[in-house]
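Rule-based calculations on the coordinates, nothing more; no lab input. Model, not experiment: these values are computed from the prediction. Cβ placement follows ideal geometry from the backbone for every residue including glycine, while neighbour counts extend to all protein chains displayed.
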Amino acid sequence: MDNAAVGKQIADLRKAKHLTQADLGMRLGVTFQAVSRWERGDSLPDTAILLDLASVLETTVDNILSGGASAVAYTRRLTMEDIRKALWDLDEMGRLLGRDNLLYRAAVEGINTRMNTDIEQAFVDGHLFQVFMGEAAIQALRVGAYLDPTDVREALGEGPHCEAVLQACAQHGIR
């Protein structure tokens with residue numbers, strides 16, 4: 001394990017969250033000097049607080065200990081166009097089979113229940129459709145897909161849903 005790389009990763013993630021060393025230390029119950037030692041690579045965080053550190057920095061323990069190097073073996077490359085098409089294919093299923101078709105209703109109700117939303121609204125609201133594209137991208141990253149950040153920016157433009165996907169990319173070692 002490369003202490004310097006781990007320390008740099010902690011510092012980068014902390015700064016991205018706009019936290020000072022003192023803020024991070026307070027949240028973890030350690031001194032800012034301990035955080036400083038980690039970031040300089042002089043020592044590593046105790047294993048007892050690694051899960052809390054990952055939680056505060058909104059990342060994984062693997063991401064911290066790998067120094068930000070990708071610990072994921074990507075299972076496939078996915079484009080935002082693939083995601084757009086997959087979502088439109090769901091709408092197309094409803095159009096072709098009927099909105100009352102059991103398969104379509106099960107898919108829609110499953111999404112709506114699990115996400116506490118109404119995906120059918122996204123089929124008529126362009127902004128909401130982009131939000132769903134962003135959520136689908138984040139979920140794909142979580143199960144091993146690789147997304148190119150440039151493709152994400154081009155497809156989603158400026159905005160919080162684009163930033164959320166880019167942050168998820170970074171958490172999975174994609175820069």
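What to note about this one:
- Its relative contact order, with pairs defined as Cα atoms under 8 Å and 6+ residues apart, puts the chain at 22 percent.
- Candidate values (1) 13.1; (2) 9.1; (3) 11.5, label of the one derived for mean projected area of the Cα convex hull in nm²: (3)
- Derived scalar couplings ³J(HN,Hα) [the range 110-121; Karplus, 6.51 cos²θ - 1.76 cosθ + 1.60; whole Hz; x for Gly, Pro]: x, 5, 4, 5, 5, 9, 6, 8, 9, 5, 4, 5
- 13 Å Cα-Cα reach of residue 15 towards aspartates and glutamates, excluding residues that sit fewer than 8 places from it in its own chain: 23, 39, 58
- The range 3-65 shape via C-alpha gyration tensor axes, a/c threshold 1.5: rounded
- The range 76-171: C-alpha gyration tensor shape, a/c 1.5 cut-off, then a/b vs b/c: prolate
- Neighbour count of at most 14 Cβ within 10 Å plus DSSP loop: longest GluC sites (Glu not before Pro)-free window in the chain: 59-157
- Between residue 145 and 75, the built amide H atoms are under 5 Å apart, and every one of these is 5 or more places off in sequence or on another chain.
- Theoretical ellipticity at 222 nm over the chain - DSSP helices of four or more residues, -39500 (n - 2.57) apiece, nearest 500: -20000 deg cm²/dmol
- Within the range 1-99, the trypsin sites (Lys or Arg not before Pro) that combine a DSSP coil assignment with at most 16 other C-beta atoms in a 10 angstrom radius are 17, 99.
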